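Let me begin by presenting the structure, written as structure tokens, before commenting on it.
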Amino acid sequence: MKRIVTIETRDLAKSAVNGGCGECQTSCQSACKTSCGVANQLCENREEK
Amino acid sequence: MIHQYKLNGYNIVLDVYSGAVHVVDEVAYDIIGMYENTPKDEIVTRILNKYPDRTDVTEKDVLDCIDDIEALKAQGKLFTKDTYEGMAFDFKRRSNDIKALCLHVAHTCNLNCQYCFASQGKYQGERAIMSYEVGKQAIDFLVEHSGSHVNLEVDFFGGEPLMNWDTVKRLVEYARSIEREKNKHFRFTLTTNGVLVDDEVIDFSNREMHNVVMSLDGRREVHDRFRKDYAGNGSYDKVVPKFQKFARARGDREYYIRGTYTHYNTDFTKDIFHMADLGFTKLSMEPVVCSPDDPCALTEEDLPVLFEQYEILAKDMLRREREGHPITFYHYMIDLKHGPCIYKRISGCGSGTEYMAVTPWGDLYPCHQFVGDEKYLMGNVWEGVKNTDLRDKFKLCNVYARRDCDDCWAKLYCSGGCPANAYHATGEITGTYEYGCKLFRKRMECAIMMEAAKSLGAENGQS
Ligand code: SF4
Ligand code: SF4
């Protein structure tokens, strides 16, 4: 594609099929403690990395 | 839904529901912006009018670009539809497993920080220290209610947890002693103001703590403005050398230097860079959360300044990375390839469901920020969760429960935000704290831009 470069990302729609194991950290647990975001969490599902 | 923005020379198009990120030139940027509600021939006319002197912008080019857009759409990478909402409404049936506890081992503090949401560590109550028995019961409660989860998180929090250090150590020892038999793995976090850090604390933490969070606000005058002892003396000189030693000793283990910025230091990147100058590399800086009449509260006028600060930070971090001495900033850590699945992204922070806070006397609250607010008392570590209505309310407190989030492009990065902030700002846990949202969206724009810059740089061999 001439004008569009697509960055490699996890396909969220597909993650509806292979996600949901729940082993990842809870969202407010590491550094911030006053507000959260989920995007900075890492997926811990080894099979789906 | 898509989100388009320009930052640091990049034209970025984010496809909200698939998570795809595209970096495009300005022509494609304009075409994508028109695509959904403009007929093709109209798009061609407008683009040719806008770029009359460009030899690379002919009718064929525009039509080719539209073909590319349609191909991406067919691949589920552009204009993807929302198919997740139904999943969120199923959450009431979600399991009641708990996987993280915040143990308030000491409702007391050796500092007297003016902005502390816990009012000098006491959470609007009496000074209190958690006994070993209460802590042990909390760990048993966690294990018992953790279902099939293997990784369990326990946070030692306060007040200042080092004021009850012996109990912390005994609790770690106890938890480790049952790991094998129960098939669990504990990850401990210690949050500290640094005053009582010594070699013994450092050694023990390096063996046992998965993460250490050290509170430092940045430049001496900024830190000392709020973080004072009871005699009114700033704590910067006392804690900085200790944190430096601690951070060095952590090696590649996790730690965070965590600051709070307020209306008094809206130039907070200076504080972040100051932390970097002190040798720290894992940094976090949070906007203060307080009542709007408080003089340290951030104002509407501060917003453009703060936005600019976040951009300065992002650009400077890219520079540092290129030069081989990178720093990480908690809110810019985003892994586009291995980030959370959609379940995680729509289910909220987990407060009151998979995460709870335990008071020194064993009461359960939805999270550390609700401690002390009797309306939010959930139960205790002996009898478990008694207020199941409250738990159900938190279970359903996800991004689809907030009408304000419907049209927000950042919803799958934010998951609906912090219920505690929403509660403090609007009186409802399902409200939204607009000010926080604006900062959040800015941070995500910066973080995504940085990821795009890095991945394009890598492609061009610059890394
Ligand atoms: S940033 Fe605000 S509006 Fe957007 S999803 Fe988060 S809470 Fe909702
Ligand atoms: S309610 Fe807010 S402070 Fe509490 S765990 Fe959730 S994100 Fe963190």
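The values are calculated or read from the model by the stated rules, or taken from the named source; none is laboratory data. Keep in mind it's a predicted model, so treat the numbers as computed, not measured. Every residue, glycine as well, gets a Cβ built from its backbone with ideal geometry; the counts of neighbours run over all protein chains shown. Heads up: the accessible areas ignore ligands, DNA and RNA and are worked out on the full protein's heavy atoms, side chains in. Shrake-Rupley method; radii C 1.70, N 1.55, O 1.52, S 1.80 Å.
Tally up the residues in segment B:137-156 that are at pLDDT below 95 and open to solvent by 20 Å² or more (accessible area, probe 1.4 Å), please.
Result for segment B:137-156: 5.
Of all residues in segment B:398-442 being in contact (Cβ under 8 Å) with a residue 60 or more places away in the chain, over 22 Å from A:THR26 (Cβ atoms) and open to solvent by 40 Å² or more (accessible area, probe 1.4 Å), which is nearest to ligand 2 (Cβ to nearest atom)?
Here the answer is B:LYS438.
With (1) more than 12 Å from ligand 2 (Cβ to nearest atom); (2) assigned to a helix (DSSP H, G or I) as the list, and B:GLN369 as the residue in question, which single condition is left unmet?
(1)
So which helices (runs of 4 or more DSSP H) are wholly in segment B:259-364 and hold at least 1 residues that are within 14 Å of chain A (Cβ to nearest Cβ), among the basic types (Lys, Arg) and buried (at least 18 other Cβ atoms within 10 Å of the Cβ)? Talk me through it step by step, then tell me what you get.
On the way: elements: B:269-277, B:302-322, B:342-346.
Answer list for segment B:259-364: B:342-346.
Inspect segment B:212-224 for any residue being closer than 29 Å to B:HIS149 by Cα, touching a residue at least 24 places away in the same chain (Cβ under 8 Å) and part of a loop (DSSP other than H, G, I, E, B) and give the result as yes or no.
Step one: filter segment B:212-224 for residues closer than 29 Å to B:HIS149 by Cα, giving B:212-214.
In the following step, the residues that additionally are touching a residue at least 24 places away in the same chain (Cβ under 8 Å) were identified as B:212-214.
Applying the additional criterion that residues be part of a loop (DSSP other than H, G, I, E, B) yields none.
No, segment B:212-224 contains no residue that is closer than 29 Å to B:HIS149 by Cα, touching a residue at least 24 places away in the same chain (Cβ under 8 Å) and part of a loop (DSSP other than H, G, I, E, B).
So which residues in segment B:7-28 are part of a loop (DSSP other than H, G, I, E, B) and facing another protein chain (nearest Cβ under 8 Å), if there are any at all?
Filtering segment B:7-28 for residues part of a loop (DSSP other than H, G, I, E, B) gives B:8-9, B:16-20, B:25.
B:TYR17, B:SER18, B:GLY19, B:ALA20, B:ASP25, listed by residue number.
Quick one: which of B:CYS408, B:CYS397, B:CYS367 is of a type in the set (A, V, I, L, M, F, W, C) and within 11 Å of chain A (Cβ to nearest Cβ)?
Details: B:CYS408 fails: within 11 Å of chain A (Cβ to nearest Cβ); B:CYS397 fails: within 11 Å of chain A (Cβ to nearest Cβ).
Only one candidate passes the filter, namely B:CYS367.
Looking only at segment B:164-190, which residues are under 19 Å from B:LEU111 (Cβ atoms) and open to solvent by less than 20 Å² (accessible area, probe 1.4 Å)? Before you say what the answer is, go through the steps one by one.
Taking segment B:164-190 as the starting set, the residues that turn out to be under 19 Å from B:LEU111 (Cβ atoms) are B:164-165, B:168, B:190.
Hits for segment B:164-190 are B:ASN164, B:VAL168, B:LEU190.
Does B:TYR132 fit the bill of being touching a Ser or Thr at 6+ places or on another chain (Cβ under 8 Å), surrounded by fewer than 19 Cβ atoms within 10 Å (Cβ to Cβ), under 29 Å from B:TYR423 (Cα atoms) and not basic (Lys, Arg)? Talk me through it step by step, then tell me what you get.
Numbers: touching a Ser or Thr at 6+ places or on another chain (Cβ under 8 Å): yes; surrounded by fewer than 19 Cβ atoms within 10 Å (Cβ to Cβ): yes; under 29 Å from B:TYR423 (Cα atoms): no; not basic (Lys, Arg): yes.
Criteria not met by B:TYR132.
Go through the residues of segment B:386-393 one by one and say whether even a single one is open to solvent by less than 10 Å² (accessible area, probe 1.4 Å), basic (Lys, Arg) and not in a helix (DSSP H, G or I).
Keep residues of segment B:386-393 that are open to solvent by less than 10 Å² (accessible area, probe 1.4 Å), which gives none.
No, every residue in segment B:386-393 fails to be open to solvent by less than 10 Å² (accessible area, probe 1.4 Å), basic (Lys, Arg) and not in a helix (DSSP H, G or I).
So B:LYS81 passes all but one of these: (1) within 12 Å of chain A (Cβ to nearest Cβ); (2) more than 30 Å from the chain's Cα centre (by Cα); (3) part of a loop (DSSP other than H, G, I, E, B); (4) not hydroxyl-bearing (Ser, Thr, Tyr). Which condition number does it fail?
(2)
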